[in-house]
Amino acid sequence: MLDQISMAQITELYKNNQTPTYNEIVQFYQQLDRESEYAKLVECGPTDIGENLQLFVIDADKEFDPVLSRKKNKSILLINNGIHPGEPDGIDACIRLTNELLHSSDLKEQLKHLTVCIILVYNIDGCLNRNSTTRVNQDGPEEFGFRGNAQNYDLNRDFIKCDALNAQSFAQIFHTWDPDVFVDTHVSNGADYQYVMTLIATQHSKLTAPLGEYLKNKMLPALYSQMDKAGFPMCPYVNEIDKIPDNGITGFLDLPRYSTGYAALFNTIGFMPETHMLKPYPQRVDATYELLKIYLRYVNDHAGEILVARNHAIEFTTNQVQFACNWELDKNKPEYFLFRGFAAKYKTSEISGLNRLYYERKEPFEKNILFYDTYNVTEMITAPKSYVIPKAWRHVIERLKLNDVAMDALPGDTMMETEVYYIERFETTTSPWEGHYFHSNVKIRKEMQKVQFHKGDYVIHVNQPSNRYIIETLEPQAPDSFFAWGFFDAVLMQKEWFSDYVFEDLAAEILKQDDALKVMLEEKKKTDDIFSGDAWAQLKFIFDNSQYREITYNRYPVFRLN
Ligand SMILES: [Zn+2]
């Protein structure tokens, strides 16, 4: 039994601007588990705070097993709550929703083709760190958790790098259940407008066919229209092009670090509902509740077509050779969205005496605004037949394994002709970002080399459902690659050097043997004044073009077999 509050009370808490504590949330679901034979609370992997993730599974056939759900052609819907515990709307909405669902007489109809999984609270760490100040502009609840987890990571940037145990345990849940549809609940800041609910859907241009089209043309219009009917008209997430929504909004490029971008790598359609933080808490929870109810109904009613579309996408991915790995917004393809906003105005700031923005709620408007929701591919990668990754890179290998990437260990030492990348250029953040000095704008040079591999090094064939994950993490140019997150930084430093006065004589000898190099050196001296006046730079030039160069310096240590 709940210690302090009853089951009825906990479902009503949000109406009084409250959200339950972590213990109350767990006790509520334990109680539901005891009361209903259609639900089971499953203990999953650990989080950084030392508590295990809890997954609540609801299945009308009382089978709490993804294999059995699949056998019956059921769709699987995964809902993730409390990734940002200062945004607990989904936690309270799910408490109300599950309580009603499990006490309803037509549960079997509502879940005929659907198994529902709910992560009670993903960031348990942050949920236990309760306060009433860290969401400064948000209208309730009175107390809530903190965004960072126990290691101060934002878990909604951690899906690829998996710094947090939370993220590693999430990957296990995700791949065990392999959801068709994934919903990660949030609250948003930004402009003021009339909507209680805004929605980020997986960027449709990034989803594998036919899923992108299905999402954009079928599923999203249905969700919008049903939310309208439920009394909570919805707007795409208000990502302004220029300061205020009146100037147009854009779709969100959900890279794989984010929940929906991660889900997309595995052909799961993902959503981040973002309620508006300036709306009172009870309204926000009601809107989230209505949207989640609509998801349940939609996925149950359309399980067949979702499964068909997804199976096509998985089959396509498994056989795919060309992969997009960078995108940019297409500003030539605007759509229009009938937007319900408030007039954006300016007045003199009491603080600075300068002009400040405010939204006049007494002047609501409805007008068409530009909505850019198409992204074009700017970089394509041709996949190799396989990658080889030496077993030494265990942090990367662990993450690949967590994500169901099949790999074969080499049975013995072997030399192989491979395509190698040299990292030519990249940019790095000047301060840490989510615990890493993040790299971007990576440029590579390719070379063919014979490389010695050792027993136990891993070969990863690019012929599996995880192909997109493999490409977008292992190709260093991809925006969320393991290289970008700094997993391979050690190769970016040369280990051995020459002693200049000793190397002088050897360098002269090398030039005598290598006419082409001599010409290159003379050419560079002629065209580069600084170089011609720098003795050490000239020695280094010869060193770098000789057999003494350090071949592993800047060589990306994942190798391509074509
Ligand atoms: Zn959030």
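Residues that are open to solvent by 90 Å² or more (accessible area, probe 1.4 Å) and touching a residue at least 12 places away in the same chain (Cβ under 8 Å) do not occur anywhere in the range 371-379. Identification of strands (runs of 3 or more DSSP E) wholly contained in the range 111-206 with 3 or more residues that are closer than 18 Å to D89 by Cβ and within 20 Å of the chain's Cα centre (by Cα) yields 181-184, 186-188, 197-201. Only one of the numbered conditions (1) under 24 Å from the mean Cα position of the chain (by Cα); (2) open to solvent by 10 Å² or more (accessible area, probe 1.4 Å); (3) within 16 Å of the ligand (Cβ to nearest atom); (4) under 15 Å from S188 (Cβ atoms) is violated by T250, and that is (3).
Each row is one residue, and each column tells you yes or no for (1) β-branched (V, I, T); (2) away from the ligand (no atom under 16 Å from the Cβ).
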{"residue": "I49", "(1), (2)": "yes, yes"}
{"residue": "L53", "(1), (2)": "no, yes"}
{"residue": "V57", "(1), (2)": "yes, yes"}
{"residue": "K74", "(1), (2)": "no, yes"}
{"residue": "H84", "(1), (2)": "no, no"}
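Among the listed residues A409, A383, identify the single one that is out of contact with any Leu (no Cβ under 6 Å at 6 or more places or on another chain) and farther than 25 Å from N326 by Cβ. Full working, then the answer.
On the way: A383 fails: farther than 25 Å from N326 by Cβ.
That would be A409, the only listed residue that is out of contact with any Leu (no Cβ under 6 Å at 6 or more places or on another chain) and farther than 25 Å from N326 by Cβ.
Per this entry, L128 is counted among residues that are of a type in the set (A, V, I, L, M, F, W, C), over 27 Å from N267 (Cβ atoms) and more than 12 Å from the ligand (Cβ to nearest atom). Is it the case, given these coordinates, that I95 is within 16 Å of the ligand (Cβ to nearest atom), buried (at least 24 other Cβ atoms within 10 Å of the Cβ) and among the hydrophobic types (A, V, I, L, M, F, W, C)? Answer is no for this residue. Residues in the range 253-273 that are within 14 Å of the ligand (Cβ to nearest atom) and open to solvent by 20 Å² or more (accessible area, probe 1.4 Å): R257, Y258.
Scanning the range 419-465 for residues that are in contact (Cβ under 8 Å) with a residue 60 or more places away in the chain and under 23 Å from the mean Cα position of the chain (by Cα) returns E434, G435, H436, I460, V462, N463, Q464, P465. With respect to (1) outside any loop (DSSP other than H, G, I, E, B); (2) over 28 Å from V377 (Cα atoms); (3) out of contact with any Leu (no Cβ under 9 Å at 6 or more places or on another chain), the lone exception for M227 is condition (3).
Among the residues making up the range 155-185, a single one is open to solvent by 10 Å² or more (accessible area, probe 1.4 Å) and within 15 Å of the ligand (Cβ to nearest atom): R157. Of the residues S532, S546, the single one that is within 46 Å of the chain's Cα centre (by Cα), farther than 30 Å from Y458 by Cα, of a type in the set (S, T, Y) and at pLDDT 95 or above is S546.
Which of the residues that make up the range 492-522 are in a helix (DSSP H, G or I) and open to solvent by less than 20 Å² (accessible area, probe 1.4 Å)? It would help to see each step written out before you state the result.
Keep residues of the range 492-522 that are in a helix (DSSP H, G or I), which gives 492, 500-513, 515-522.
Once the filter is applied, which keeps residues that are in a helix (DSSP H, G or I) and open to solvent by less than 20 Å² (accessible area, probe 1.4 Å), the range 492-522 yields F503, A507, L517, L521.
The values are calculated or read from the model by the stated rules, or taken from the named source; none is laboratory data. Fair warning: this is a prediction, and the values are worked out from it, not measured in the lab. Virtual Cβ from ideal backbone geometry, glycine too; neighbours counted across all protein chains shown. These area figures cover heavy atoms from the full protein model, side chains too; ligands, DNA and RNA do not enter into them. Shrake-Rupley method; radii C 1.70, N 1.55, O 1.52, S 1.80 Å.
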